[in-house]
Structures are given as C-alpha cells and as structure tokens.
1. What percent do you get for the relative contact order of the stretch B:23-96 when only Cα pairs under 8 Å and 6+ apart count?
2. Where a Cα-Cα gap under 17 Å defines reach, which lysines qualify for A:LYS96, not counting those fewer than 8 residues away within the same chain?
3. Loop only per DSSP, at most 11 neighbouring Cβ atoms within 10 Å: give me the trypsin sites (Lys or Arg not before Pro) in the stretch B:26-83, ordered by residue number.
4. Checking the cross-link filter: which aspartates and glutamates have an alpha carbon closer than 14 Å to that of B:LYS71, excluding same-chain neighbours under 8 positions apart?
5. Note down the nm distance, to one decimal, between modelled labels 7 Å out along Cα→Cβ at A:HIS40 and at A:THR65.
6. To make sure I understand, if each residue's beta carbon is the centre and we count other beta carbons within 10 Å, what order do B:MET46, B:MET5 fall in, fewest to most?
7. Search the structure for amide H atoms under 5 Å from the amide H of B:VAL12, placed 1.01 Å from N in the peptide plane, and list their residues when 5 or more places away or on another chain.
8. Taking the Cα centre of chain A as origin and charging only Cβ (+1 Lys, Arg; -1 Asp, Glu), how large is the dipole, in debye to the nearest 20?
Amino acid sequence: DAKTTQPTSMDCAEGRAANLPCNHSTISGNEYVYWYRQIHSQGPQYIIHGLKNNETNEMASLIITEDRKSSTLILPHATLRDTAVYYCIVSLGGNKLVFGAGTILRVKS
Amino acid sequence: NAGVMQNPRHLVRRRGQEARLRCSPMKGHSHVYWYRQLPEEGLKFMVYLQKENIIDESGMPKERFSAEFPKEGPSILRIQQVVRGDSAAYFCASSPPGSRGSNQPQHFGDGTRLSIL
C-alpha cells in the first residue's frame, strides 16, 4: 500500500471550512483514497473515499488532483465536535488499512 | 460507529491469564479485520478474516495470539498468557461480502481496552 504524508496538526475556526491535505505520490492506478477520523477513545469513523473523481457526502468533500498524487478533505463548516485525528489512507479495496500518524485537527471557538 | 459491536469494552487481566475479545460485524458483513492501538501510537493491522477463513495474518504476533471467525457467532481474538505489553485498545472492523478488490470501506467498532496488571 502506498505511503501518505499529512501535516501533523492544523487549527480551524468554528464555522469555517477545514481543508486537510494529503500527499500520496506513489499511489497506483487501482488504489483508493480513504479518509477516517478518530475522536478521542473511539473507534475510527469512516468519512469518505474516492478513486479519481471528486466525491461529496453528508460529512465532507474529497478533492483528488488529476494526477492522483494528492488529495484534500474538506469539512465545509467545522464544529467543535470535528476535533479529531484525521487519517488519509491509500489502499486496494478489501485490504488492510495502513494508518499513519494522521493530522490532529483542532477546531476552536 | 453504529453496527460493529465489540465486547467487552474494557477488560482487565493479570499477567499469564487469557484474554478473549469478541466482535460482531455489521449486519450482512462477512469480512472482519482486527487492529491494535498501543498507547500513544497509531492503529496497526493484525488480521483479516472471512467466515471460517484467515485471509491475511501478516500483522499477528507469532506467538500467543490467534483469531477466528466461525460460521456462526462473533469473531474472537484470543491472547494467551498475556503480558504487560499487550495492554492496548483492540479495534475490529467489518466490510460487506465481495469487499476484496472492491472499494467498500471498513467500518469500525469502538474497541476493547485491554489492561494487564
């Protein structure tokens, strides 16, 4: 599975959009980009995933660059409850997930 | 994390005892994954199972750890002769049939916190 690089931490003002970047320059053609988050002491929560097209659901949007070497997770209106560690993972479907250190997102009022 | 049920939520064992962790996947899911999160560390894959089959156990310690997913009932992660270093949060995830090679995401339970005295 390809390795991903994320910033260690980010701050975001409550009500503003949170844009979390991820680099995955060694991604292969059939690997998906998955985003999960882990709120303190809970299990990882699935957010969104995509292959090459941009995706949107009720939680977030995922923007994948045309060369697929990077992506951005967008939380359109961050709330205090969005404070968590966000993991960007590249994986073949159905395989194990390799978690890195993720990005600690702090949403502040 | 609706759907994937893990029990117990907290488990305390003394060194040398056995620990059994249970995971009931989401309804209709037939793939189960176990991950371990040591204190202040990230999640690490342990094992991937389908009903009655171990698909990938590349992350399992070579000794004392075993996992099963029987035809009926929950998946079990078993740790024999526990040591202090086994203290961690153990998470289970599940995905639907046909997940291999597809893009179906894994959904996680809230974990079992294992503490070894």
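Bear in mind that the values in this text are calculations on the coordinates, not laboratory data. Please read all numbers here as calculations on a predicted model, not as lab measurements. Ideal geometry is used to build each Cβ from the backbone, glycine not excepted, and the neighbour counts take in all protein chains shown.
1. Computed over the stretch B:23-96, the figure is 40 percent.
2. A:LYS3, B:LYS44, B:LYS51
3. Filter output for the stretch B:26-83: B:LYS27, B:LYS62, B:LYS71.
4. Within the straight-line limit of under 14 Å, B:LYS71 reaches these aspartates and glutamates: B:GLU52.
5. 3.5 nm
6. Final ranking by Cβ density, sparse to dense: B:MET5, B:MET46.
7. B:SER115
8. 200 debye
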